[in-house]
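Quick notes on the structure that follows.
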Amino acid sequence: MLAYLSALFSVDTFLTVLEYVGALACAISGIRISSAKQFDLFGAYVVGLVTAIGGGTLRDIMLGVPMFWVSQPGYLINTFIALLVVWTFGRRIIKDNITWFIFDTIGLAMFSVIGVQKSLICGHSWWVAVVMGTITGAAGGVMRDVLVNTVPLIFRSELYATASACGGVAYILFLRLGCDPRLCAIIGGLTVVALRLAAIRFKIALPKMTGRAHLRLK
Amino acid sequence: MLAYLSALFSVDTFLTVLEYVGALACAISGIRISSAKQFDLFGAYVVGLVTAIGGGTLRDIMLGVPMFWVSQPGYLINTFIALLVVWTFGRRIIKDNITWFIFDTIGLAMFSVIGVQKSLICGHSWWVAVVMGTITGAAGGVMRDVLVNTVPLIFRSELYATASACGGVAYILFLRLGCDPRLCAIIGGLTVVALRLAAIRFKIALPKMTGRAHLRLK
Amino acid sequence: MLAYLSALFSVDTFLTVLEYVGALACAISGIRISSAKQFDLFGAYVVGLVTAIGGGTLRDIMLGVPMFWVSQPGYLINTFIALLVVWTFGRRIIKDNITWFIFDTIGLAMFSVIGVQKSLICGHSWWVAVVMGTITGAAGGVMRDVLVNTVPLIFRSELYATASACGGVAYILFLRLGCDPRLCAIIGGLTVVALRLAAIRFKIALPKMTGRAHLRLK
C-alpha cells in the first residue's frame, strides 16, 4: 500500500497538468451552455466551476474526505481563465469542435482515473472505485445540465459515462494483474480515450430504452 | 442503547429482504421514467440507481457516516436486475400498476423506518430522525425527477412524503412508550402503508397552496 | 484563535435573531414559488425549508462538520411559520415587495457572513471562506429553483451571489487589517446590503454572456 502511495505521488505533476487541461475543457463546456442560456458573468462562472470540480467534489463528499480543491486555488483560477477564453475567443472555440472534443476527452480520462485511485487509497473495494471514478468523470456534466435546466446530455447520447466506467475497470484489472499503478493509470486513461474516439468514429452508442417502443409511457 | 442496537441486528435479515424489494421498486420507477424520456441503457441505470439509493446516500452524507451501499454491492446488482426486468417485461410491468404500487409502498415504509433508526443510532434527536426518515424514503424520488428534468411528483400529488413522516412519528411515539424497537419498526412501517392505501382508496391529498387562488404568482 | 472564537460567541444572540429573520424570508420565497407551481402543503414546506437551510446544509456537508440545524429545531418551526404566513397573508405579502426585499437582503447578508466565519473556524483559507459564504447565501435559492424546475434566477439577474461574495471579501479584508470579528461581520453584512440596494437603485447588473451575440449556441 505504501509502495502504491509513493508510486502515485511520483506521477503527480504529470497528472496535475493533464487534470487542469481537462478541468479547463469542462469549465468551458459549462460556460458555453451558460452563454446560450443568457446567464450573466457570475452565473456562467458558477456553472463552469461546477462542471469542472462538481464531480470531484461529490466524490470527496461521498468518500468523506476533504474536498480536493480547498488546498489549491488553481481550480478557481482555471475556471476564471475559461471564462476569459470563452469571452474573448467565443466564436472560434465554438467552431473548433475537434480541439474541444479532445480536451474534454482528456478531462474525462483524467478525472475517471483520479477518482478510481482516490477511492482505492480510501480503502474501498474495486467496484466502489469504479463507481467513484465514473462520478468524478461524469457527475460534473450532470450537475451542469441540472443547473441550466435541461435533461442531462450523458443520459441520452454517446459513450461518455460508459467510457469512464470501462476505463475504471481497465485500471482495476491491470492493478490486479500486478501492474505498476502508473501503468494502470495510463491504460485506464487510454481506454477512456479509445472508447470515446471509437464511439464517435463508428457512431457506436448504447441502445436506448425506447428502442423498445412498448416501454413508452403515456 | 446497547440493547437497542442488538435488537436491531436481530431483525436485520428480515429488514434486508424487504429493503431490497423496496429498492427494486424504486429502481424500476426510475428506469420506467428514463424509458419514457428515451435515455440510453446507462442513463436508465443511473436514474434507477439514484432513485433506489439516492435517499439513503443523502441521509448518510448528512449524518456524516459511510454510505450504506459501499459495503454491499447488492444495490448495484439490484438495479441491474430492475433494468433487465423493465427491458424484458416492460409492457406487463407498466400495466400492472397494483403490484407496482404495493412494492413502491413497501420500499417507502422500509426506507423511512431505516432512516429513523439510523439517525437515532447516530445520537440525533427524534425530530431529526423523522426528517432523516422522510429524506431516506422520499429524496430518491425527488432526485429522479430532477435528473429527468420534471417537477418532483411528490410535491404535487398523493400522500407520499407525508406518509413517510407520519410513519417516522409513529415509530418515535411507540419507542417513547417503551416498545421494543422491532415492534416500533413494524408499527412505523404499517403506518406508512396504511396511510398510502387510505390516501389512494379515499382520494385523500394535502390541500394545494393554490387552492387559494390569490397566491398565484404571475 | 481562541479570542476570535470567544468574540464570536458573544455576538451570537444578535446573529441568531437576524439569521432567523433571513431564514424566514428565504422560506417565504420558496413557499411563494411553490404556490405558483401548485405544490401541496408538504411540497411547499419542503421547498421553503430547502431554500432556508439548503445553503448552510451544503456548506456544513462540504466542510465536513455536523449540520447546523440538527441541534436547533427552530429552523423547522421557522419554515412552518413561513408556511402559515403565506397561507394567511398571501396576497398582502406578494404585494409588499419592499419588506420582502429587505428581509431577503438581511438573510443574504447574515448567511454570507456566517458562512465565512464558520469556514475560518474550520481552518480554511480566506478564499475558501469566501466561496463558502457565497454558497451559504446563494445555494439555497439555486436548490429552490432546481426543485421547482426553473433556471436558477441568480444566474441571470441582479447582483445576488456577487453581493454575497463581495461581503465575504470585505469581511476577510477587515479581519486582515486587524479589526474585531464583530466589526468585520457588520462591515461584511453591510457590504452585501449596500451592494444589493445600489444594484436595485441604479439598475446595476453583471454583463450577460450573450451581450456578445457570437457566443450564442445553435
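Miscellaneous remarks
- Selection of the range C:169-211 for residues being within 14 Å of chain A (Cβ to nearest Cβ) and out of contact with any helix residue (DSSP H, G or I) (no Cβ under 9 Å at 6 or more places or on another chain) yields C:Lys203, C:Gly211.
- Residues of the range A:143-183 satisfying the condition of being in a helix (DSSP H, G or I), touching a residue at least 60 places away in the same chain (Cβ under 8 Å) and hydrophobic (A, V, I, L, M, F, W, C): A:Met143, A:Leu147
- Any hit, the range C:72-81, residues being more than 13 Å from every other protein chain (Cβ to nearest Cβ), part of a helix (DSSP H, G or I) and either surrounded by 22 or more Cβ atoms within 10 Å (Cβ to Cβ) or without any contact (Cβ under 8 Å) to a residue 24 or more places away in the chain (or both): yes
- Some residue of the range B:28-40 being away from chain A (no Cβ under 13 Å), closer than 30 Å to B:Leu183 by Cβ and either hydroxyl-bearing (Ser, Thr, Tyr) or in contact with a strand residue (DSSP E or B) (Cβ under 9 Å, 6 or more places away or on another chain) (or both): no
- Applying the condition of being within 24 Å of A:Arg156 (Cβ to Cβ) and small (Gly, Ala, Ser) to the range B:140-168 and asking which residue is nearest to the other protein chains (Cβ to nearest Cβ) yields B:Gly141.
- Residues being out of contact with any Phe, Trp or Tyr (no Cβ under 9 Å at 6 or more places or on another chain), in a helix (DSSP H, G or I) and more than 7 Å from every other protein chain (Cβ to nearest Cβ) - total across the range A:49-66: 5
- Criterion applied to A:Trp100, A:Trp69, A:Trp87 was being surrounded by fewer than 18 Cβ atoms within 10 Å (Cβ to Cβ), of a type in the set (A, V, I, L, M, F, W, C) and within 9 Å of another protein chain (Cβ to nearest Cβ), and the one residue passing it is A:Trp87.
- Just so you know, in the range C:1-40 the residues that are among the polar types (S, T, N, Q) and farther than 20 Å from C:Gly55 by Cα include one that is modelled with the lowest pLDDT, and it is C:Ser10.
- Condition met for A:Ser125 (hydroxyl-bearing (Ser, Thr, Tyr) and either surrounded by fewer than 17 Cβ atoms within 10 Å (Cβ to Cβ) or in contact with a Ser or Thr (Cβ under 6 Å, 6 or more places away or on another chain) (or both)): yes
- Test for C:Val116: is it crowded, with 23+ Cβ neighbours inside 10 Å, in contact with a helix residue (DSSP H, G or I) (Cβ under 6 Å, 6 or more places away or on another chain) and within 13 Å of C:Gly56 (Cα to Cα): yes
The values are calculated or read from the model by the stated rules, or taken from the named source; none is laboratory data. All of these numbers come straight from a predicted model, not from anything done at the bench. Here the Cβ is made from the backbone with ideal geometry for all residues, glycine too, and neighbour counts use every protein chain on show.
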